[in-house]
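Below: the structure, in structure tokens.
FYI, it's all coordinate maths here, none of it is from the lab. From a predicted model like this one, the values you see are computed outputs, not experimental measurements. So basically every Cβ, Gly included, is an ideal-geometry build from the backbone, and we count neighbours across all protein chains shown.
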Amino acid sequence: MTPVKLNDLREGSDLPGIKKDIKQERVNQYAEASGDFNPIHLDEEFARNTPAGGRIAHGMLILAYASEMMTAAFDRNWLTGGKLNVRFKIPARPGDTITVSGKVTKLEKNEENTLIYCAILCTNQDGETVITGDATVTIKN
Amino acid sequence: MPESEKLDYDQLEVGHEFPPVSYRLDKSMVEMFLEAVEEVNSLYRDMEIVPPMALAARAMAALAECVSPPPGSIHISQELEFQSAVKTGETITCVARILRKQERGKLRIMIVGLDVFNQSQEKIAAAKTSFMLPVPD
């Protein structure tokens, strides 16, 4: 995916979105990679007896999709000047399809930098909000 | 850290700082992360830059090594700030501290701050994580 051009961005611009299917195999791999082996993500029998009612994906796994969208849009600027501030509203579960979208809410230019403020939304296949929040990217002029 | 040495909510004071935890971001860990999140960006695949969320995941693992949240705890919000990219093979050090504790009826909220440093001791990322924990009966 080609990063967006700064000159093309306006308040209200949509960022190229992402869609992902949540598979238990990926959740298991995420547990290995992150070191988070909480059984609520991995053990169906354990998870069934919690308020979640079954296995759920790591919130940080879903947040990685939002970061993927921001990297695709802003390339290295996201790695060196990105900020995320989100709330986890409902869990994502294996079998869900997650859609990540972003919209530019404000552009701010000063002598050194351009700050791009974005609204971030992750929804499931039923349109329910899984993650909501905002992101900021600082790009040197 | 053995499970028995981890601290629980009642033992933690606001301002408590946990011992630093270091990780080497080895290639196999990064590849597994990329596979898990199905990330194909060439920055990570070809240029061996570590995805920022892999750093964040490792920082969270550092926290999990120090704190033992009770069953039923929920991760409710997350703030992340990325300041500098790191390459595969580098070692990062994570330092966590308790920023806030609050009780609301039958629930407790704990906010933990995390700073991540590279091997030159430069801060490369920061995080603020909020958990909701059940109050024991």
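Comparing Cα centroids, the range B:25-101 and the range A:1-64 end up 13 angstrom apart. Rg over Rh for chain B works out to 1.01, using Cα positions for both radii and the Kirkwood form for Rh.
Ordered by the count of other Cβ atoms within 10 Å of each Cβ, fewest first, B:14, A:86 give B:14, A:86.
What is the mean number of Cβ atoms from other protein chains located within 10 Å of the Cβ atom of each residue in peptide B:24-33, rounded to a whole number? Intermediate values should be presented prior to the final figure.
On the way: counts 0, 0, 0, 0, 2, 4, 1, 1, 6, 7.
Average neighbour count from other chains, rounded to a whole number: 2.
Could you work out how far the C-alpha centroid of the range A:106-141 sits from that of the range A:65-95, in angstrom? If you average the Cα positions of each part, the centres end up 9 Å apart. Each label point was placed 7 Å from the Cα along the Cα-to-Cβ direction; for residue A:128 and residue A:113 their separation is 3.7 nm. Between amide H atoms placed 1.01 Å from N, distances below 5 Å from residue B:89 occur with B:25, B:26, B:27, all of them 5 or more places distant or on a separate chain.
Note: relative contact order over chain B, using C-alpha pairs below 8 Å and six or more positions apart, is 30 percent. Against the empirical curve 2.2 N^0.38 Å, the C-alpha radius of gyration of chain A lands at a ratio of 1.16.
If each of residue B:135 and residue B:10 carries a label point 7 Å out from its Cα toward its Cβ, how far apart are those two points in nm? Reported label-point gap for residue B:135 and residue B:10 is 1.4 nm. Karplus-based coupling profile of the range A:14-26, in residue order and whole Hz: 8, 7, x, x, 9, 10, 9, 8, 8, 10, 4, 4, 5, with θ = phi - 60° in 6.51 cos²θ - 1.76 cosθ + 1.60 and x standing for Gly or Pro. Once each of the GluC sites (Glu not before Pro) sitting in a DSSP loop with at most 15 other beta-carbon atoms within 10 Å is removed, chain A keeps A:12-110 as its longest stretch. Scattering from the C-alpha atoms of the protein assembly as shown alone, worked out with Debye: what is log10 I(q)/I(0) at q = 0.07, 0.10 1/Å? Here the Debye-derived log intensity ratios amount to -0.24, -0.50. Rounded to the nearest 20 debye, the dipole magnitude of the range B:1-90 is 240 debye, with +1 charges on Lys and Arg beta carbons, -1 on Asp and Glu beta carbons, and the Cα centre as origin. Between B:55, B:114, B:25, where does the largest GNM mean-square fluctuation fall for chain B, given springs only between Cα atoms within less than 10 Å? Highest fluctuation among the options: B:25. In order along the range A:42-52, phi translates into HN-Hα couplings of 10, 10, 4, 5, 4, 5, 4, 9, 10, x, 5 Hz, rounded to whole numbers, per the Karplus curve 6.51 cos²θ - 1.76 cosθ + 1.60 with θ = phi - 60° and x for Gly and Pro.
List the pairs from B:106/B:128; A:106/B:27; A:20/B:106; A:23/A:109; A:89/A:140 whose alpha-carbon separation is above 31 Å, in the order I gave them. Check vs 31 Å cut-off fails for A:106/B:27; A:20/B:106; A:23/A:109; A:89/A:140.
For chain B, what does -39500 (n - 2.57) per DSSP helix run (n ≥ 4), summed and divided by total residues, give at 222 nm, in deg cm²/dmol to the nearest 500? Each step should come with its number before you reach the end.
On the way: 3 runs with 30 residues, N = 137.
Estimated from H runs of four or more residues: -6500 deg cm²/dmol.
Rounded to the nearest 10 degrees, the inclination of helix B:27-37 to the longest alpha-carbon principal axis of chain B is 70 degrees. Couplings 3J(HN,Hα) for the range A:125-141, derived from phi with the Karplus relation 6.51 cos²θ - 1.76 cosθ + 1.60 (θ = phi - 60°), are 5, 9, x, 7, 6, 8, 9, 9, x, 9, 9, 10, 10, 9, 10, 5, 6 Hz, where x marks Gly and Pro.
Around the amide H of residue B:48, modelled in the peptide plane, lies no amide H under 5 Å away from a residue 5 or more places distant or on another chain. Compute the helix-to-body angle for B:52-66: its Cα long axis versus the longest principal axis of chain B, expressed 0 to 90° and rounded to tens. Tilt of helix B:52-66: around 40 degrees. Amide H contacts of residue A:113: A:141, each under 5 Å away and 5 or more positions distant or on a separate chain (H built 1.01 Å from N in the peptide plane; Pro and chain starts excluded).
Per-residue ellipticity at 222 nm for chain A, helices alone: DSSP H runs ≥ 4 residues times -39500 (n - 2.57), over residue total, nearest 500 deg cm²/dmol? Could you put the intermediate results ahead of the total?
Working: 5 runs with 42 residues, N = 141.
Mean residue ellipticity at 222 nm (helix-derived): -8000 deg cm²/dmol.
Comparing A:113, B:11, B:82 along the charge dipole axis of the protein assembly as shown, the residue lying farthest to the positive side is A:113, per the Cβ-charge model. Restricting attention to chain B, close to 95% of DSSP beta bridges with both partner residues there are antiparallel.
Projected label points at residue B:104 and residue B:22, each 7 Å from Cα along the beta carbon direction, are separated by 4.0 nanometres.
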